[in-house]
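The values are calculated or read from the model by the stated rules, or taken from the named source; none is laboratory data. Nothing here was measured: the structure is a model prediction, and the numbers come from that model. Cβ atoms come from the backbone with ideal geometry, glycine included; neighbour counts cover every protein chain shown. When the accessible area is computed, the model is the full protein with side chains, heavy atoms only, and any ligands, DNA or RNA have been set aside. Shrake-Rupley method; radii C 1.70, N 1.55, O 1.52, S 1.80 Å.
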Amino acid sequence: MSFTPKPGTALLIVGHGSTENPDSSTPYFEHADEIRQRGLFGEVHCCFWKEEPSMRESAYMIDADEVYVVPDFISEGYFTQEVIPRELQLEGPTTRRGGKTWHYTLPVGVHRSMTGLLLQRAKEVAPDASPAETTLFIVGHGTGLNQNSTKAIRDQVDLIKASGAGYAEVHDAFMEEQPFIAEWDKIAATPNVVVVPFFIADGLHSYQDIPVLLGIEAEPGEAASQREVFRHNPHHLRGKTLYYSSSIGTERNMADVILDQVADFDATHLS
């Protein structure tokens, strides 16, 4: 990917964070470190809703006069459309205040390059499984709390189906609404099944709840950093061979999706 360096600007990666999960902020800092090492911005920072540094502190961390704010979230919704603009005092795609210019991009999860990342992760977790004999599940939370989240997953399923990747079946599935990931073996007609959680961090859902729903674990366990749930592939259960991935947001190349959103913002709003 070609990205024009912005040495006089700052990049602010915004995450949700958690007061319960010690691993939740790790991917955000890893994405920031990866971009920082490439020397593409004068500054690269992270801030969070539920952790320090908070969004309201972010202005005090940044020296540059121009800032790109990228929501490291899976979908558009309450946090990207209400919480972040309110906390950062953003009034649209570009806001000028306090001597700084703030550019606010779309969240990473809705970018078209996420499709390639999902396919890459599926191949990595099940390198010996023929796509023609494999069902791929992209899994989210569900419940209808955020219909945009559900839409983001279904959009990716459609894009994967159209990609020519060759999977026998590709399905969206959810923890708390139909189609339920707990019924993965009934939904999939193939001998192989790959499950990729569509979350940024390996939080309570990916390392506790979903493994129980899949039947990999009998009960919720410890934090992801203390467990081996993502390293035991494949799992042979319910008459099938199951491969379980860590959350897509833990993928190192998520840094490229962040840069893609910045490039798309420039093409849409500044060209």
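Pop the C-beta distance of residue 218 and residue 94 into the FRET formula with R0 = 45 Å and round what comes out to the nearest 0.05. Don't jump to the answer; show the numbers that get you there.
Details: r = 51 Å, r/R0 = 1.14.
It comes out at approximately 0.30.
Of all segments of the chain bounded by trypsin sites (Lys or Arg not before Pro) found in a DSSP loop with no more than 15 other C-beta atoms within 10 Å, the longest spans 113-237. Surface composition of the chain: carbon plus sulfur atoms contribute 48% of the solvent-accessible area (1.4 Å probe, protein chains only, all chains present).
In order along the range 38-48, the Karplus-derived 3J(HN,Hα) couplings, from 6.51 cos²θ - 1.76 cosθ + 1.60 at θ = phi - 60°, round to 7, x, 8, 10, x, 9, 9, 10, 10, 8, 9 Hz, and Gly and Pro are given as x. Derived scalar couplings between HN and Hα for the range 196-202 equal 10, x, 8, 10, 6, 10, 7 Hz in order, rounded to whole Hz, by the Karplus curve 6.51 cos²θ - 1.76 cosθ + 1.60 (θ = phi - 60°), x for Gly and Pro.
Averaged over its residues, the range 111-250 has an accessible area of 43 Å² per residue, based on protein heavy atoms and a 1.4 Å probe. Taking all C-alpha pairs of the chain, those more than 25 Å from each other amount to 45 percent. Across the range 263-271, rounded Karplus estimates of 3J(HN,Hα) from the backbone phi angles (6.51 cos²θ - 1.76 cosθ + 1.60, θ = phi - 60°) give 4, 5, 4, 4, 5, 7, 10, 10, 8 Hz, Gly and Pro being marked x.
The slack in the chain from residue 237 to residue 54, taken as 0.36 nm per residue of separation less the alpha-carbon distance, amounts to 61.6 nm. By DSSP, the beta bridges lying fully in the chain are antiparallel in about 15 percent of cases.
Taking Cα atoms only, the orientation of helix 26-37 departs from the longest principal axis of the chain by about 50 degrees.
Helix 114-125 axis versus longest C-alpha principal axis of the chain: approximately 40°, rounded to the nearest ten.
For the pair residue 168 and residue 120 in one chain, pulling the backbone fully straight at 0.36 nm per residue adds 15.6 nm over the alpha carbon distance. Highest mobility in the GNM of the chain, judged by mean-square fluctuation with C-alpha springs under 10 Å and restricted to 64, 255, 165, is found for 165.
How high is the FRET efficiency from residue 186 to residue 264, r the C-beta distance, R0 35 Å, rounded to 0.05?
Values: r = 39 Å, r/R0 = 1.11.
Calculated transfer efficiency: 0.35.
Multiplying the residue separation of residue 154 and residue 20 by 0.36 nm and removing their Cα-Cα distance gives an extension gain of 45.4 nm.
Return the loop-located GluC sites (Glu not before Pro) in the range 1-102 (DSSP other than H, G, I, E, B) with at most 15 other Cβ atoms within 10 Å of their own Cβ; answer none if there are none. Before the final figure, lay out the partial values.
On the way: sites: 20, 30, 34, 43, 51, 57, 66, 76, 82, 87, 91; in loops: 20, 51, 76, 91.
Taking the range 1-102 and a limit of 15 other Cβ atoms within 10 Å, the loop GluC sites (Glu not before Pro) found are 20, 91.
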